[in-house]
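All remarks here apply to the structure that follows.
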């Protein structure tokens, strides 16, 4: 009988789940706004959009632009963001303790994000995670991204773990939809980024948790 307290593989979303990247995103947005002669945007204005991705953040920062203009700005946004990686936003409080507890228990953890893979890989050494993260799947690593289940299934398969023996932790509805479609238990990270109209209680996650530190209690995980 296994005495492990935690799942044998925990997969995490990145932005809004492991990393409080909103301040880095704000620096990126405000660089772009300054280049256009616009005043700084406030963190509370941008923060709810961060987990929705670069296009959502660009739309929030530049509502006057049409869709084609916003699309043209995506590579510029990503280039500016690369210069701000991990400069302003640390891991959420309790994340390092949680990762350490999973490792001490003999478990493994990885990242499945919709962020471009090259940016996620650049982040790992800045956070000291490059030798600790067992698997990293980015939004462009595979033909599909979340909410499609393929990234989660691929991550589990690459480590020879059955989906039902993993848990996925994420702060966005796409995370929970992907986990459900993959047959993988899920945790809704309520400490992340949400729009006012988001209703995480309706996403169908197995459990909802208010803080990374709550997950130090093995009873907080899906049964």
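Here, each number is a calculation from the coordinates, and none is a lab measurement. Just so we're clear, the structure is a prediction, and the values are computed from it rather than from any experiment. Please note: Cβ atoms are built from the backbone with ideal geometry, for glycine as well, and neighbour counts cover all protein chains shown.
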Let me test this: with uniform point scatterers at the alpha carbons of the stretch 22-82, what is the Debye-based log₁₀ I(q)/I(0) at q = 0.18, 0.20 1/Å? -0.53, -0.66
Full-extension gain between residue 208 and residue 65, please, as 0.36 nm times their residue separation minus the C-alpha to C-alpha distance. 47.9 nm
Packing rank of 151-161, 30-40, where each peptide gets the mean count of other beta carbons within 10 Å, highest leading: 151-161, 30-40
Neighbour counts of other C-beta atoms within 10 Å: give me 190, 150 arranged from fewest to most. 190, 150
Value at 222 nm in deg cm²/dmol, rounded to 500, when DSSP H runs of n ≥ 4 in the chain each add -39,500 (n - 2.57): -11000 deg cm²/dmol
Quick one, can you get me the convex hull of the C-alpha atoms of the stretch 18-129 expressed as volume per residue in Å³? 102 Å³
Cα convex hull of the chain - mean projected area over all directions, nm²: 12.0 nm²
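Mind ordering 211-220, 109-118 by average Cβ neighbours within 10 Å, highest first?
Listed from highest to lowest mean packing, they are 109-118, 211-220.
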Tell me the relative contact order for the chain as a rounded percent, counting alpha carbon contacts under 8 Å between residues six or more apart. 24 percent
Looking at the chain, what % of its DSSP beta bridges pair antiparallel, to the nearest 5? 5 percent
Pick from 96, 72, 197: which is most flexible by mean-square fluctuation in a GNM of the chain where alpha carbon atoms under 10 Å apart are linked? 197
